[in-house]
Every structure is written in structure tokens, then in C-alpha cells.
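Student: Sharing a structure, written as C-alpha cells. Questions coming.
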Amino acid sequence: MDTRRRVALCSFLLVLIILHANPTSADGKPEVCKYRTPSVPFCKGWSCKAECWIEAKLFRARVKEHRCIKGGIMGVCYCLFCGKHLTLD
């Protein structure tokens, strides 16, 4: 085999190994995203982030997005969670 064919074959095998060893396809469960709108005593960016982070730990998920819907005293946060342990309702 000449050098070009060997390089092409090695590149093809490397790509094949990388695509085959994709960890996201190993579990078989799809990632589900859900949102919640919890009430907080005072709504600012940092308080929404903390509230969403705590709820994400309870749901065994990760926070994809967080923001204040209604700011100030007795505010409302928007939390978007994604994870494989969330259920489809």
C-alpha cells in the first residue's frame, strides 16, 4: 500500500472508533428537558441561579437556563432543567 492509502485508512478507522465510542448513545435513555417556575422571596439573577441549581440537584438534572420572570420582592424564576432521570409526563 502506498502512503496515501495508509493515511486514509488510519483516518477512517480513527473516525470510526471515535463515533462508535460515543458515550451519549451508550445509556439508551433520551435526555428530557422540563421547566419550573418557583416563587422566591427576592428575585435577582443570583437568587434564581441558586434556586434553580438547588432544584436541579434534587431532580438529578442540570440547569440549562435560568432567569427572573417577575423580579423584585415575591418574584418568580424560570428554570429549565435537562437530564436523563427526568420523566416524561
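Student: Sort out which residues of segment 68-89 are touching a Cys at 6+ places or on another chain (Cβ under 8 Å) and part of a loop (DSSP other than H, G, I, E, B), and write them in order of number.
Tutor: Correct list: G71, L86.
Student: Condition test on E55, is it at pLDDT 90 or above and of a type outside the set (S, T, Y)? Before the answer, list the steps.
Tutor: Details: at pLDDT 90 or above: yes; of a type outside the set (S, T, Y): yes.
Yes: the conditions hold for E55.
Student: Please specify each residue of segment 24-39 satisfying the condition of being more than 23 Å from L80 (Cβ to Cβ) and at pLDDT below 60. First the steps, then the outcome.
Tutor: Here is the first cut: in segment 24-39, the ones more than 23 Å from L80 (Cβ to Cβ) are 25-26, 28.
Selection gives S25, A26.
Student: Also, I was wondering about something else. Could you please give the count of residues in segment 35-71 that are crowded, with 17+ Cβ neighbours inside 10 Å and of a type in the set (D, E)?
Tutor: 2
Student: Another question about this same structure. Here are the criteria: (1) surrounded by 12 or more Cβ atoms within 10 Å (Cβ to Cβ); (2) modelled with pLDDT of 90 or more. Tell me which single one M74 does not satisfy.
Tutor: The number of the failed condition is (1).
Student: With (1) at pLDDT 75 or above; (2) out of contact with any Phe, Trp or Tyr (no Cβ under 6 Å at 6 or more places or on another chain); (3) surrounded by 11 or more Cβ atoms within 10 Å (Cβ to Cβ) as the list, and A8 as the residue in question, which single condition is left unmet?
Tutor: (1)
Student: Filter segment 40-57 for residues that are among the aromatic types (F, W, Y) and closer than 14 Å to G83 by Cα and give the result. Before the answer, list the steps.
Tutor: Going through segment 40-57, the residues among the aromatic types (F, W, Y) turn out to be 42, 46, 53.
W53 - this is the single residue of segment 40-57 that is among the aromatic types (F, W, Y) and closer than 14 Å to G83 by Cα.
The values are calculated or read from the model by the stated rules, or taken from the named source; none is laboratory data. Note that the structure is a prediction, hence the values are computed from the model and not measured. Ideal geometry is used to build each Cβ from the backbone, glycine not excepted, and the neighbour counts take in all protein chains shown.
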